[in-house]
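Q: Structure in structure tokens, see below.
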Amino acid sequence: MPVMIVDDAETNLLVIKSLVDACGTVGATTFRSPTEALARLDDLAPSLILVDYMMPELDGIGFIRVVRSRPRFVDTPIVMVTTTDQRSVRLEALQAGATDFILKPIDPAEFKARFRNLMQLADAQT
């Protein structure tokens, strides 16, 4: 099942991709640019999307809104990966269509459990 990872920081992309790979998932594609990721969304048809909140071109909430505006992706699990634990940001992300959150720094055990659950959800929806 393909996974899309969007984060403007190369280090974060490497860390998150290694965690995804450690979960046994093949096919994680990384993007530093949210607009490039959106341009490739239909081609990749990811089963799960992991997106950073704070990015210069388009923040994670704006990214989620665009993804959710496409009928094909209304049920695709989207996880916002962020350093902020502000309630207002979480609420806005949920209203935009976020499925879950993972706080940075990422706890590998928590990531694995959440990732496994969301991949099962994605599998059940297909």
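The values are calculated or read from the model by the stated rules, or taken from the named source; none is laboratory data. This one's a predicted model, so the numbers in the text were calculated from it and none came from an experiment. FYI the Cβ positions are ideal-geometry reconstructions off the backbone, even for glycines, and counts take in every protein chain you see. Remember, those area values only see protein heavy atoms, side chains included, never the ligands or the DNA or RNA. Shrake-Rupley method; radii C 1.70, N 1.55, O 1.52, S 1.80 Å.
Q: Of (1) part of a loop (DSSP other than H, G, I, E, B); (2) farther than 26 Å from Lys112 by Cβ; (3) at pLDDT below 95, Leu58 satisfies all except one. Which?
A: Here Leu58 clears every test but (3).
Let's see how each residue does on (1) within 19 Å of Thr29 (Cα to Cα); (2) in contact with a Ser or Thr (Cβ under 9 Å, 6 or more places away or on another chain); (3) surrounded by 15 or more Cβ atoms within 10 Å (Cβ to Cβ):
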position: Leu58; (1), (2), (3): yes, yes, yes
position: Leu91; (1), (2), (3): no, no, no
position: Gln95; (1), (2), (3): no, no, no
position: Leu103; (1), (2), (3): no, yes, no
position: Asn117; (1), (2), (3): no, no, no
position: Asp123; (1), (2), (3): yes, yes, no
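Q: If only one of Val20, Val66, Val79 is part of a strand (DSSP E or B), surrounded by 15 or more Cβ atoms within 10 Å (Cβ to Cβ) and among the hydrophobic types (A, V, I, L, M, F, W, C), which one is it? Break it down stepwise before answering.
A: Working: Val20 fails: part of a strand (DSSP E or B); Val66 fails: part of a strand (DSSP E or B).
Just one listed residue meets the conditions, Val79.
Q: Go through the residues of the stretch 29-49 one by one and say whether even a single one is surrounded by 22 or more Cβ atoms within 10 Å (Cβ to Cβ) and among the charged types (D, E, K, R).
A: The answer is no; no qualifying residue exists.
Q: When only residues in the stretch 1-17 that are of a type in the set (A, V, I, L, M) and loosely packed, with under 15 Cβ neighbours inside 10 Å count, which is nearest to Asp123 (Cα to Cα)? Break it down into steps so the answer makes sense when it comes.
A: Quick first cut of the stretch 1-17, residues of a type in the set (A, V, I, L, M) only: 1, 3-6, 9, 13-16.
Of the ones still in play, those that are also loosely packed, with under 15 Cβ neighbours inside 10 Å are 1, 9, 14.
Working: Met1: 8, Ala9: 29, Leu14: 25 Å.
Out of the qualifying residues, it is Met1.
Q: Quick one: what pairs do we get from the stretch 104-126, first residue closer than 20 Å to Thr84 by Cα and without any contact (Cβ under 8 Å) to a residue 40 or more places away in the chain, second of a type outside the set (Asp, Glu) and open to solvent by less than 40 Å² (accessible area, probe 1.4 Å), C-beta under 8 Å, 6+ apart or different chains?
A: Glu110/Ile102; Arg114/Val79; Arg114/Ile102
Per-residue answers, yes or no, for (1) within 13 Å of the chain's Cα centre (by Cα); (2) modelled with pLDDT under 95; (3) farther than 18 Å from Ile64 by Cα:
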site: Thr84; (1), (2), (3): no, yes, no
site: Arg87; (1), (2), (3): no, yes, no
site: Ala98; (1), (2), (3): yes, no, no
site: Leu103; (1), (2), (3): yes, yes, no
site: Arg116; (1), (2), (3): no, yes, yes
site: Gln120; (1), (2), (3): no, yes, yes
site: Asp123; (1), (2), (3): no, yes, yes
